[in-house]
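The values are calculated or read from the model by the stated rules, or taken from the named source; none is laboratory data. Model, not experiment: these values are computed from the prediction. Cβ placement follows ideal geometry from the backbone for every residue including glycine, while neighbour counts extend to all protein chains displayed. Side chains are part of the model used for accessible areas, which takes the heavy atoms of the whole protein and leaves out ligands, DNA and RNA. Shrake-Rupley method; radii C 1.70, N 1.55, O 1.52, S 1.80 Å.
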Amino acid sequence: MTSGVPKGENCLVDMDSKAGDLFSAEPADAAGSGGVVGNLPPWLSALPHRLWLPKGLSASVAKEWFDRRRASIRPWAGFVDHRKFTKPRNFGELCQRVVRNFDTYNSNYTFIFLGLILYCIISSPMLLIALAVFVGAFYIIHLKSLESKLVVFGKEVTGPHQLGLAGAVSLPVFWLAGAGAAVFWVLGATMFVIGSHAAFRELEVGSEMEELFMEPV
């Protein structure tokens, strides 16, 4: 008969300890964020802790790729040195320059391509709106998939399908923004700038020496 009281006490102690853990976690979060999180709505304060990016598209992977590319960039001063640009003597030399320069300045060409994309987006407010709609649609779809499985036509919507669904939702906005013309402009400008540089830029000294050693005697 006396066993009921200790159980009740244990329940009270457990509930107190759990309540203490819950209340002690909130000030810690607020203190770690400068006291701002405590004033935010619950869904917004929990936003940084959500894994909203699908596997393979995390920020760490993107940063690692960016750092590797940036570390392998050749000096821009030598990249645009006008004294190193000459006309190829024949078609064979032109092909050799294109192949070698693509291998030598691969990272430089990558950043030129990204720069052209950025310029195209910044110069078109409608494209900025279309991208915002795409990112917002993808984010909302992914949050919904975290709460419960999304099923469309009897199939579960996974990470790649979420990107496709967000693209389908924002497709009218991209069409109104003239995204097709922007894509062709970026591709054309990239081929012209990179192709011209690769064709008219003389090979590095190391590449020329390597080519001489590779020639049959």
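Just to confirm a number: summing +1 for Lys and Arg and -1 for Asp and Glu over residues other than Leu94 whose beta-carbon lies under 13 angstrom from that of Leu94, what do you get?
Around Leu94, the charge tally is +3.
Could you compute how much accessible surface His161 exposes when probed at 1.4 Å, giving the result in Å² to the nearest 10?
110 Å²
Can you check what the net charge comes to around Ala71, using other residues whose Cβ is under 14 Å from the Cβ of Ala71 (Lys, Arg +1; Asp, Glu -1)?
+3
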